[in-house]
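Working notes, structure below.
The values are calculated or read from the model by the stated rules, or taken from the named source; none is laboratory data. Every value quoted in this text rests on a predicted model; they were computed, and no experiment measured them. FYI the Cβ positions are ideal-geometry reconstructions off the backbone, even for glycines, and counts take in every protein chain you see. The accessibility values were calculated without ligands, DNA or RNA, using every heavy atom of the protein model including side chains. Shrake-Rupley method; radii C 1.70, N 1.55, O 1.52, S 1.80 Å.
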Amino acid sequence: MKTSIFRYLLLAAALLPAAAQAFSPAPGVEVEPLGVTNTLVRVAPDSTYLLLPIQDANDESRINVLVDGKLDRTIVARLARSKTDYNVPLDLTPYRGHKVVLNIITPQGRNSVREASDDAVWKDLRLSNTFDTANREKFRPVYHHTPAYGWMNDPNGMFYKDGVWHLCYQWNPYGSKWQNMTWGHSTSKDLVNWEHQPATIIPDGLGTIFSGSSVVDTNNTAGYGKNAVVALYTSCDASQVQSMAHSTDNGATFTKYAGNPIITLDTEARDPNMFWHEPTQQWVLVLAHALEHEMLIYTSPNLRDWTLQSSFGKGLGCQSGVWECPDLFELPVDGNGVKKWVLICNINPGGPFGGSAAQYFVGDFDGKTFTPDRDKQGNVPTKWLDFGKDNYASVSFSDAPDNRRTLIGWMNNWQYAAEVPTLQYRSANTLPRDVALFTGDDGEIYLASAPSPEVDRLRGKQVARLGKANVSAKGRVLRLPAANQGICEIVAEIPADTSAPVLLTLANGKGNSAVISVDPKAATLSFDRTKSGVTDFSRDFPAVTTAPLLHRGATVKLRIFVDRSSVELFADGGREVMTNLVFPEEPYSTLTVSSPAKGKVASVAVYEISKP
């Protein structure tokens, strides 16, 4: 009996240091294991950041940030267990002069407290006055907007004011996978060069911050002052409700409405998109009734009190996935004075080539009800904004100058967005696109989206050219600019009377290739990325996407924008668009112009891309 008690005391003594004593991985950080899934971290908030070690493959931990004993916020992060992939910063500057404790709950079970205390996170925690955002990713785009670090998805809260374009976006500041949804914020004076700004709207007691929109309240209808910026967004916790915030400093900071939420439903609804309707002198709001596959239309005199007027979408268009991220706006048709309304409805899944995509409807709007046009057979046709796999949640800037309608999308697909081969950041935005309505050869009205005029400033010197020529299977090879790793703009014209398809193949020395096929005879355009480089991270990534040529002219005119991890293809002034990600093992270095039989080209030119 005495022997067994003695052994028990020895065992307890051996476990005591791990269970009851704190250890410090770095000055100013004290780690105190409490159990196999619970650890306290005491932080001296004298530095700017606490750097949190992240391991993407790990399960999510819950971090309760206590300030002077009170819960300030809760963060979800994939804290490192066996190794640290990268760090993310927890900003400590608001907590200076206060006691800061992190109460961390890790989901992975352990056999003992000692085993739990061996996780990499506890040894790698660091305080720092700086956080390095220098690019460490070979696939990070050069001339597309990306977050400085962390996960990004839908663009939202986009507006133009006083010469500045404001792009907010769904952002996770604490990892490169979806979580902790916050409105990140970037600004630009030219739609090409973007500056990262502090986050504008962060999670609160109503939940994380999902997508929404912002407007400039020119007439002070909300009472926050002339030209205040007002944002509506979805608060998401156990339910999805709509909340409001305003800014009197041009969107740098937002103050949340004390009476939030302002719209509640007993079903899932999100992504409020609002605009001023001049004929009826009221605000209009389109809200995605996600699982019901419809859009709800509200009106308001003051951006705060909303009345449901109608719904649209039941049984129309693609009904395969949830409906999200709406946008409703008016445009002239063919520049002839006739105007029509366009309702963009992003869906996931259900895209023409799998996963997420953006469909749209053309019709009329009277301030309360959207009525879609019908085709010659009396049906409401499904139309697609982009025929690639990687343009989702496309919405427009409010208050754009000169009556422009400028869109930006999320350049990814929910099928594989969390698995693309980057770690420091995940996802980019598409190039900005100005949209217009045109009449197709079939008499239907379609939405064209062409690169915004500001994009023209990216074009540098011409580095290669092929004039009028016949091409065969052997092909004509043009060198892409080596100085900037093959990043370029390609401009091509393919005669409509070519007897065989013309192939434009981007390739490198590793055998990777991305193939654009133009077939005027069949009136199709396609993009093949099945051998484009790294594709094995998802079975849904290798794909061939195809678009119809909606307007037949003397030639098919192409503008192709190649960045480190994307190819954006605009045909005939944006009448057909394809956006596709690519991850070549090394940069593409050649463009081969060929044809399986005897094709013709009018011209092909390659230009360097150089940011102004």
Among the residues of the stretch 484-494, is there at least one that is open to solvent by less than 30 Å² (accessible area, probe 1.4 Å), under 21 Å from A522 (Cα atoms) and either within 33 Å of the chain's Cα centre (by Cα) or touching a residue at least 40 places away in the same chain (Cβ under 8 Å) (or both)? yes
Evaluate the stretch 467-476: report whether one residue or more is surrounded by 21 or more Cβ atoms within 10 Å (Cβ to Cβ) and at negative phi. yes
Residues of the stretch 119-139 that turn out to be more than 26 Å from A252 (Cα to Cα) and either surrounded by fewer than 24 Cβ atoms within 10 Å (Cβ to Cβ) or within 13 Å of the chain's Cα centre (by Cα) (or both), as a count: 11
Within the stretch 502-551, considering residues that are in a loop (DSSP other than H, G, I, E, B) and basic (K, R), the one nearest to L466 (Cα to Cα): K521
Residue ID - nearest to the chain's Cα centre (by Cα), chosen from residues in the stretch 207-223 that are surrounded by fewer than 18 Cβ atoms within 10 Å (Cβ to Cβ) and on the phi < 0 side of the Ramachandran plot: T218
Would you confirm whether or not the stretch 233-251 contains a residue that is in contact (Cβ under 8 Å) with a residue 12 or more places away in the chain, assigned to a loop (DSSP other than H, G, I, E, B) and buried (at least 19 other Cβ atoms within 10 Å of the Cβ)? yes
By residue number, the members of the stretch 353-372 that are outside any strand (DSSP E or B), over 24 Å from R539 (Cβ atoms) and open to solvent by 40 Å² or more (accessible area, probe 1.4 Å) are D366, K368, T369
Could you tell me which of the residues W183, W178, W194, W171 is open to solvent by 10 Å² or more (accessible area, probe 1.4 Å), closer than 16 Å to F254 by Cβ and within 17 Å of the chain's Cα centre (by Cα)? W171
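Conditions tested, residue by residue: (1) free of Cβ contacts under 8 Å to residues at least 40 places away in the same chain; (2) surrounded by fewer than 17 Cβ atoms within 10 Å (Cβ to Cβ); (3) among the β-branched types (V, I, T).
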residue	(1), (2), (3)
T545	no, no, yes
S565	no, no, no
V582	no, no, yes
E585	no, yes, no
A602	no, no, no
K611	no, yes, no
If G378 meets every condition in (1) assigned to a loop (DSSP other than H, G, I, E, B); (2) touching a residue at least 24 places away in the same chain (Cβ under 8 Å) apart from one, which number is that one? (2)
Single unsatisfied condition, T299 versus (1) among the polar types (S, T, N, Q); (2) modelled with pLDDT under 95; (3) open to solvent by less than 30 Å² (accessible area, probe 1.4 Å): (2)
Kindly provide the set of residues from the stretch 49-59 that are touching a residue at least 60 places away in the same chain (Cβ under 8 Å) and surrounded by 16 or more Cβ atoms within 10 Å (Cβ to Cβ), ordered by number. Y49, L50, L51, L52, P53, I54, Q55
